[in-house]
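Remarks on the structure that follows.
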Amino acid sequence: DVVMTQTPVSLSVAIGQPASISCKSSQSLVGTSGKTYLNWLLQRPGQSPKRLIYLVSKLDSGIPDRFSGSGSETDFTLKISRVEADDLGVYYCLQGTHFPHTFGAGTKLELK
Amino acid sequence: QIQLVQSGPELKKPGESLKISCKASGYTFTDYAMQWVKQAPGKGLQYMGWINTQTGKPTYADDFKERFVFSLETSASTAYLQINNLKNEDTATYFCARGGYWGQGVMVTVSS
């Protein structure tokens with residue numbers, strides 16, 4: 001199985017400051033179609049996960065452009081340009097290129 | 001709007017079985033596969049597998065090849081997860097998901 005190594009485990013950020021989360025995969029996530037199926041999800045406390053980004057950098061509908069995704073092959077990053085109170089929760093990367101799909105262990109974003 | 005609405009919480013004894021439902025609305029059910037994800041209490045997300053909603057063919061991740069059954073009722077736009085011979089370690093929240101859309105989750109508690 002593809003191992004998704006997500007760092008940091010936790011992140012304490014003040015409102016208005018940037019945040020960055022890294023996700024590294026144990027093998028390339030470029031699929032046979034040439035697409036890279038790397039997603040970022042946010043799970044707020046007590047809620048189901050919500051997808052923020054798919055195909056490395058495409059924002060889901062309604063997701064503010066404070067969020068951005070980048071990367072290629074095995075190395076990916078989620079950035080929040082200015083953290084807001086609503087951003088707290090656990091962020092997961094998820095690869096959908098190889099079966100079984102696999103998640104990172106999560107990064108807990110807390111407000112400083 | 002697209003929704004995945006799951007059935008209610010379950011409390012079961014070891015050795016019993018249960019069947020969770022995931023009713024889809026707002027799109028053509030057979031156009032998209034349905035995924036299943038497990039989240040043990042206080043833990044991260046674990047991918048269980050998926051079911052082809054056109055053919056009904058399920059594909060299970062290794063940890064879920066025994067005791068777990070994905071099925072469909074296409075006429076009702078509903079996917080099901082059945083867990084047989086429940087064990088304490090099956091205590092978790094189970095999510096159905098379709099692309100960027102997730103159900104609200106079903107909390108399953110297995111206790112004698």
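Kindly establish whether residue B:46 is open to solvent by 40 Å² or more (accessible area, probe 1.4 Å), touching a Phe, Trp or Tyr at 6+ places or on another chain (Cβ under 9 Å), among the polar types (S, T, N, Q) and within 13 Å of chain A (Cβ to nearest Cβ).
Values: open to solvent by 40 Å² or more (accessible area, probe 1.4 Å): yes; touching a Phe, Trp or Tyr at 6+ places or on another chain (Cβ under 9 Å): yes; among the polar types (S, T, N, Q): yes; within 13 Å of chain A (Cβ to nearest Cβ): yes.
So residue B:46 passes the test.
Among strands (runs of 3 or more DSSP E) entirely within segment A:1-53, having at least 1 residues that are open to solvent by less than 60 Å² (accessible area, probe 1.4 Å) and of a type in the set (Val, Ile, Thr) singles out A:10-13, A:19-25. Cβ-Cβ distances below 9 Å connect the following pairs, each with a first residue in segment B:97-109 that is more than 16 Å from residue B:19 (Cα to Cα) and free of Cβ contacts under 8 Å to residues at least 12 places away in the same chain, a second residue that is open to solvent by 20 Å² or more (accessible area, probe 1.4 Å) and not in a strand (DSSP E or B), and a separation of six or more residues or different chains: B:100/A:60; B:100/A:61; B:100/B:2. The set of residues in segment B:100-112 that are at the interface with another protein chain (Cβ under 8 Å from one of its Cβ atoms) and open to solvent by less than 50 Å² (accessible area, probe 1.4 Å) comprises B:100, B:102, B:103, B:105. Only one of the listed residues (A:41, A:55) is within 14 Å of chain B (Cβ to nearest Cβ), touching a Lys or Arg at 6+ places or on another chain (Cβ under 7 Å) and at positive phi. That residue is A:55. Being open to solvent by 20 Å² or more (accessible area, probe 1.4 Å), touching a residue at least 12 places away in the same chain (Cβ under 8 Å) and at negative phi is a description that does not apply to residue A:61. When residue A:99 is tested against the conditions (1) more than 18 Å from residue A:10 (Cα to Cα); (2) open to solvent by 30 Å² or more (accessible area, probe 1.4 Å); (3) away from every other protein chain (no Cβ under 14 Å); (4) not basic (Lys, Arg), the lone failure is (3). Say we look at segment B:49-87 and pick out the residues that are among the charged types (D, E, K, R) and away from chain A (no Cβ under 14 Å); which of these is surrounded by the fewest Cβ atoms within 10 Å (Cβ to Cβ)? Going through the qualifying residues, I end up with B:66.
The values are calculated or read from the model by the stated rules, or taken from the named source; none is laboratory data. This one's a predicted model, so the numbers in the text were calculated from it and none came from an experiment. Cβ sites come from the backbone with ideal geometry, for glycine too, and all protein chains shown count toward neighbours. Areas reflect the complete protein model, heavy atoms only, side chains present, ligands, DNA and RNA absent. Shrake-Rupley method; radii C 1.70, N 1.55, O 1.52, S 1.80 Å.
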